[in-house]
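**Q** Sharing a structure below in structure tokens format, with a few things to ask.
The values are calculated or read from the model by the stated rules, or taken from the named source; none is laboratory data. Predicted, not measured: the structure shown is a model, and the values here were computed from it. No Cβ is skipped: glycine too gets one built from the backbone with ideal geometry, and neighbour counts run over all protein chains shown. Just the protein is used for accessible areas: all its heavy atoms, side chains included, with ligands, DNA and RNA removed. Shrake-Rupley method; radii C 1.70, N 1.55, O 1.52, S 1.80 Å.
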Amino acid sequence: MAATGCIYEGIHYDIAKANEADVLRLNYLAFYDNFLKYCKDHNLSQEVLPLTSFKKQLSKSSYCLCYDKPTTFRTGYDDNSRRKTFRVAILDIEKLKEKNLEVDFLINK
């Protein structure tokens, strides 16, 4: 979704360091609506879980380090937009790669 411009760094996700490893911080509230729209627009046939179930399933995954961490993100698309604290999931990038999820383009910008 990030590669196609459906989600944006600093609003929907960002990359940070945690214990010298790169982690993906996913802003649930900003990301989820775009995720639903992406699935609908691209006629993806997999089941789409409600947000609470999505968070619960993600929290149980092997690559989730934390699923409810307060983190600050921008609320708009320009650099002058307001910043607000959201609850986010912290995902281990190396474990995402082990699951064959392509995330290198997020890190190598």
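**Q** Along the Cα→Cβ direction, 7 angstrom out, place labels at Ala2 and Glu102. What is the inter-label distance in nm?
**A** 1.3 nm
**Q** Also, I was wondering about something else. Taking GluC sites (Glu not before Pro) that fall in a DSSP loop and have at most 15 other Cβ atoms within 10 Å as cut points, what is the longest piece of the chain between them? Mind showing how you got there, number by number?
**A** Numbers: sites that count: Glu20, Glu47, Glu102.
Free of exposed loop sites, the longest segment is 48-101.
**Q** May I ask you to evaluate 6.51 cos²θ - 1.76 cosθ + 1.60, the Karplus curve with θ = phi - 60°, for each residue of the range 70-87 and list the ³J(HN,Hα) values in order in whole Hz, giving x for glycine and proline?
**A** x, 8, 8, 10, 6, 9, x, 8, 9, 5, 8, 5, 5, 10, 9, 8, 10, 7
**Q** Label Glu94 and Glu9 with points 7 Å out from Cα along Cα→Cβ: what is the distance between them in nm?
**A** With each label point 7 Å from Cα toward Cβ, the separation is 2.1 nm.
**Q** Quick one: Kirkwood hydrodynamic radius for the range 45-92, alpha-carbon pairs, angstrom, one decimal? Walk me through the numbers before you get to the answer.
**A** On the way: mean 1/r = 0.0807 Å⁻¹.
The Cα-based Kirkwood calculation yields 12.4 Å.
**Q** So with the 1.4 Å probe, I'd like the accessible area per residue for the chain, rounded to whole Å². Can you show the working numbers first?
**A** On the way: 7180 Å² over 109 residues.
Heavy-atom accessible area per residue stands at 66 Å².
**Q** How large, in percent, is the carbon and sulfur part of the accessible surface of the chain at a probe radius of 1.4 Å? Intermediate results must be reported in sequence, preceding the final value.
**A** Numbers: 3420 of 7180 Å².
Carbon and sulfur together cover 48 percent of it.
**Q** Just how far, in whole angstrom, is the range 72-101 from the range 8-24 if you go by their alpha carbon centroids?
**A** Here the answer is 6 Å between Cα centres.
**Q** Peptides 54-65, 25-36: what's the order by average Cβ count within 10 Å, highest mean first?
**A** Working: 54-65: 14.4, 25-36: 18.3.
Packing order, densest peptide first, comes out as 25-36, 54-65.
**Q** While we're on this one: In the range 70-109, whose amide N lies under 14 Å from the spot 7 Å out along Cα-to-Cβ of Ala16? List them in ranges.
**A** Under cut-off, by backbone N: 70-74, 84-93.
**Q** Report the Cα-based extents of the chain along its three principal axes, largest first, to the nearest Å.
**A** Projected onto the principal axes, the Cα atoms of the chain cover 35, 31, 27 Å.
**Q** Averaging sequence separations of C-alpha pairs under 8 Å and six or more residues apart, then dividing by the length of the chain, give the relative contact order as a whole percent. Before the final figure, lay out each step's value.
**A** On the way: 145 pairs, mean separation 31.0, N = 109.
The normalised contact order for the chain reaches 28 percent.
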